[in-house]
1. Averaged across orientations, what area in nm² does the convex hull of the alpha carbons in the range A:1-64 project?
2. If I compute solvent accessible area with a 1.4 Å probe over the protein chains, what percent of it on chain A is carbon and sulfur?
3. Determine the residues within the range B:177-220 where the difference in accessible area between the chain on its own and the full set of protein chains amounts to at least 30 Å²; count protein heavy atoms only and use a 1.4 Å probe.
4. Using the Cα centre of the range B:85-154 as the reference point, and only Cβ charges (+1 on K/R, -1 on D/E), how large is the resulting charge dipole? Debye, rounded to the nearest 20.
5. Sorting B:248, A:10 by accessible area (1.4 Å probe), largest first, what list results?
6. How large is the accessible surface of residue A:1 in square angstrom, using a 1.4 angstrom probe and rounding to the nearest 10?
7. How fast does chain B diffuse by Stokes-Einstein, in µm²/s, taking the Kirkwood radius from C-alpha pairs at 37 °C and 0.692 mPa s?
8. Considering only protein heavy atoms, what is the solvent-accessible area of residue B:68 at a probe of 1.4 Å, reported in Å² to the nearest 10?
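The values are calculated or read from the model by the stated rules, or taken from the named source; none is laboratory data. In this text the structure is predicted, and so the values were computed from the model without any measurement. Every residue, glycine as well, gets a Cβ built from its backbone with ideal geometry; the counts of neighbours run over all protein chains shown. When the accessible area is computed, the model is the full protein with side chains, heavy atoms only, and any ligands, DNA or RNA have been set aside. Shrake-Rupley method; radii C 1.70, N 1.55, O 1.52, S 1.80 Å.
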Amino acid sequence: MATLKELTHREDRLAGGHRLCPGCGASIAVRQVLLGAGEDPVVAGCATGCLEVSTTIYPYTSWRTPFIHNAFENAAATISGVEAAFQGLKRAGKIPADKRVKFVAFGGDGGTYDIGLQSLSGAMERGHDMVYVCYDNGAYMNTGIQRSSATPKGAWATTAQVGPAQQGKQQRRKDLTQIMAAHGIPYVAQASVSHWKDLTEKAAKAFAVEGPAFINVFAPCPRGWRIPHDKTIEIAKLAVQTGFWPLYEVEDGVWRQTVKVVNRKPIEEFLRPQGRFKHLFAPGNEHLLAEIQADVDRAWEQLQKRFAKD
Amino acid sequence: MAEQKVVAATGNTVVAEAMRQCRPDVVAAYPITPQTTIVEEFAAFVAKGRVHTEYVTVESEHSAMSACIGASAAGARVMTATSSQGLALMWEELHIASGMRLPIVMANANRALSAPINIHCDHSDVMGARDAGWIMLFAETAQEAYDNTIMAVRIAEDPDVLLPVMSCLDGFITTHSIDRISLLDDETVAAFVGERKADWALLDVERPVTHGAFAGLGGPYPAFKKAERDAIERSRAVIARVGEEYARISGRPFGMLETWGMEDAEVAIVVIGSTAGNVRHVARSLREAGSKVGVVKVRCFRPFPYAELAKTLSGVKAVAVMDRAESFGAEGGPLFLETRSALYDAAERPAVVGYVYGLGGSDVKLDLVESVYGDLADIASGSPVPAGPVYLGAR
């Protein structure tokens, strides 16, 4: 795997000067993933959302690599088509048989967990040689912080409000990483922008496998989470340390924890700094915090049972 | 003219054959009745190794068109097929394909839209897509469906056009009936369609470009749409040129519209698709009985042949427009609205009456067509034009 020094010499395929917010987790995720692609050319695709809108304002583009945006729910299907073209043109002899190109699709949690789940599932099942990266910031952030199926239970969102009758989102979040692992594809991983080495190594593995790979990257949204823009990495790290976002990979069906958490911190430490969870700390809501902690503990224990013994 | 092989086959079989002969690099498709046998026959070509095509068996029509968009932007020659609900599910992608100026060729087996669910022929599906920026060709017969598929590739990929083309054939009537069809040989078709030369391909990794950019901040969006309109206007000349070239190899001319008996017609029926055969049949017997009747079959609906239609209908006293689709709340179906619009600038405007017929595959019997010519004769002799649309054959 590449050292930090080597990574600093690689070209950044997403140029600076784009119009994402300061501290946006999405652009960090994209840059770290693309660093993991190594020297091979990469064609990137993107679902509609902050990332696409802020990096491709015509006539400008931040992408130093071929890029396509189609619509909200079909980044996976679109990149399937690009990869299919590569195979078809190779078979026709219009592209040299030994030419190497990597394919990657990026989508937020709205475009991946929800509206794009069908197209993602289809692309993975068909076995396209592509990497799908979800940058998970736990809401529809492009249109103004509406809840998604990745929004944590108890979080405030503009479509999961806080009032006397309801304390934020009522449901638990969907575990997309495990759903993707159930597809039986060669490589699935859960990563975080706070652990750059873990993430770039997972990206390198994902690009190296033949066939489909999926990486779910924890990517905080300062605007939506009501956190200062210089706290992105700190909060992401807390998600890992509290066990809210365990870092692991599933390689050819073998589950492995990639970052060990020895003394798991209480979930409160992840929740308290975020404005979207402020109401949970009001008197009378202690039971909600206890419930969230119990959910994290249960998921953590279940996941530990899946990991291969070292 | 190239030597041709005459076969007995269904419309879907020869559309699949035309697709194979056009050598697409990618076909992404999902089965839907009555299109299904097109993608099944193509799957057989893949299994037999008769194509180099990467065949993407997607999980929905939405993903079919999404994959076609990715593949076409990548620089490949791309084809697909759909019908009805499938076309409806593609709707947003139809606009994206044309907006991104991607030459994709798609067969559409014309079929009714739900509800109530119905698998038979009408034009509700395609007419719902009429403003999506696609060029739309309609076949009367399986032969025309075959010919249109091949011409569609040339039209779509022409550097003056670069727009997707929908090649429509009537569900079950044309898709599933066995007909007598002349097929060109593989080499002739390959030479006619040539290779796709894509500028700004995604797979040209030495020259990275961004496709599908954001153009929403008070600036260039209208300019893109204007460019799209200019392209479909330019396609008129390209369609004519490709039609002439195709006639040279096949002996079968293609025009934006086709007329029968219009030189001295006093009344005429304007129609699209397989029903044109029934109408021509009735017109022939009426002619034999001394009535000056004519038929206009519209073969290209987008771009619409306004000038050609106005010219052929000038001097006619009464025109009936037969729509196999509804436009609820409008004064008639889509073809009726276009025909009346085409005649607005004419020096002598004939009376125009709109009929809606054949919805959901309901029979278009000859007596219904006769009744339309009967109405036209009455209108030509001074009877009032009925308020439209007139439903034919509906209880």
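1. Approximately 4.8 nm², given one-decimal rounding.
2. Carbon plus sulfur share of accessible area: 52 percent.
3. B:195, B:202, B:203, B:205, B:208, B:210, B:211, B:212, B:213, B:214, B:217
4. So the magnitude is around 160 debye.
5. Correct descending sequence by accessible area is B:248, A:10.
6. Near enough 130 Å² of accessible area.
7. This corresponds to a translational diffusion coefficient of 153 µm²/s.
8. 0 Å²
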